[in-house]
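A quick write-up on the structure given underneath.
The values are calculated or read from the model by the stated rules, or taken from the named source; none is laboratory data. These figures come from a predicted structure and were not determined experimentally. Don't worry about glycine lacking a Cβ; one is built from the backbone with ideal geometry, like all the others, and counts go over all protein chains shown. Only protein heavy atoms, including side chains, enter the accessible area calculation; ligands, DNA and RNA are left aside. Shrake-Rupley method; radii C 1.70, N 1.55, O 1.52, S 1.80 Å.
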Amino acid sequence: MSTTTKSTSETGHAKNIAHFLQLISFCEGYEENYNPIKETLKIIPLKELHNEAQERLNITKTQKVTFDNATNNRRVAFADLKQLSTKIINALSVSGADTLSINNAKSINKKIQGKSNKSTNSTPDTEATNTISTSQQSYDKQIDNFSNLIEILQQQTSYTPNEAQLKIDALQTKLQDLQNKNTNVTTSYIPYSNAMLARNETLYNPLTGLVQTAKEVKQYVKSVYGPNSKQYKQISALEFKKIKKY
C-alpha cells in the first residue's frame, strides 16, 4: 500500500460523508417543513451520524498510515536480504567449511532468492489488505530461511569473516530486526482492520448506516415536496454509494 496515493474506495467514503453534510444543510434550510416522524431522520440525529462517520473515517486513516509505515519499514528491512545472503554464501565457500554445509547453505540461499519457488518465496513489492495473509506467509518464510542459514554458519568454526556485516553477531541483529519489522506489520494491521469494520458499519449498515439514512431522507423530502420540486431536485443530485472495496 502506498502512503501517498488515495484509493478509489477511500475517496468514495469521504464523498459519502461530505454529501451527507450537504444533505443535512439542505434539510435545515427547509425549516419547519422538514419534520419527519422517524427519529433517526431528524436534524440532530443526522448531525450525530455525520460526526460519527467522520470520526470513524479519521480513525481509519490514522490506522492506515501506521500500517503503511510498518509495511514500508519492513520492505526496506528486507530489501538487501537477497544480496546479503549471496555475500554470506561466498564468504562461507572460501572459509574452509565442509562441502555438505556449503551445499546446504546454497540450497537455503536459493529459497531466499526465490529461485526454487517464485510464487511463494519471493518477497512481494506491494501489499493489499485482501492479500495480507499470503504476503505475511512470504515474509515469514524469508525469516525462517535466513534463520536456518545463520544456524549453519554457527556450526562452522571456520566461518570467521572480517567483514562486519557478515559476522554472526551482525547477522543475528539483522534477523532480529527483520522479525521485529515483520511483527510490527501484523500488530498494526489489527487496529487498522478493526477501524475499517467500524467505519463500514457506520456508513453501510443496511438499516442504520449513513447511506441508507440518506436514502430515507431523500424519500421523505420527495413525499413532502413532490418528485418534481426544486427541493427534491436539490438533494436527489447528491450521490451516495456503497463502497465494495474497503
Practice problem: Considering each residue of the stretch 185-201, count those that are buried (at least 20 other Cβ atoms within 10 Å of the Cβ) and under 21 Å from GLU239 (Cβ atoms), and give that number. | Solution: 1
Quiz prompt | Index of the failed condition, LEU175 passing every other in (1) out of contact with any Leu (no Cβ under 9 Å at 6 or more places or on another chain); (2) aliphatic (A, V, I, L, M); (3) farther than 30 Å from THR99 by Cβ | solution = (3)
Exercise. Might you check whether a residue that is at pLDDT 95 or above, surrounded by 19 or more Cβ atoms within 10 Å (Cβ to Cβ), within 20 Å of THR66 (Cβ to Cβ) and not β-branched (Val, Ile, Thr) occurs anywhere in the stretch 206-217?
Key: no
Practice problem: Looking only at the stretch 22-40, decide whether some residue is in a helix (DSSP H, G or I), open to solvent by less than 80 Å² (accessible area, probe 1.4 Å), more than 26 Å from THR187 (Cα to Cα) and modelled with pLDDT under 95. | Solution: no
Quiz prompt | Flag for THR208 being outside any helix (DSSP H, G or I) and touching a residue at least 12 places away in the same chain (Cβ under 8 Å) | solution = yes
Quiz item: Has the stretch 55-67 got any residue that is over 23 Å from the mean Cα position of the chain (by Cα) and open to solvent by 20 Å² or more (accessible area, probe 1.4 Å)?
Solution: no
Quiz item: Can we say LYS47 is within 22 Å of LYS242 (Cα to Cα) and touching a helix residue (DSSP H, G or I) at 6+ places or on another chain (Cβ under 9 Å)?
Solution: yes
Quiz item: Considering only helices (runs of 4 or more DSSP H) fully contained in the stretch 79-174, which possess at least 1 residues that are open to solvent by 50 Å² or more (accessible area, probe 1.4 Å), modelled with pLDDT of 95 or more and among the aliphatic types (A, V, I, L, M)?
Solution: 99-113
Practice problem: Scan the stretch 219-246 and report the pairs whose first residue is among the hydrophobic types (A, V, I, L, M, F, W, C) and whose second residue is modelled with pLDDT under 95, with Cβ atoms within less than 8 Å and a gap of 6+ or a chain change. | Solution: ILE243/SER9; ILE243/GLY12
Quiz prompt | Complete set of residues in the stretch 167-211 that are closer than 20 Å to HIS13 by Cα and among the charged types (D, E, K, R) | solution = ARG199, GLU201
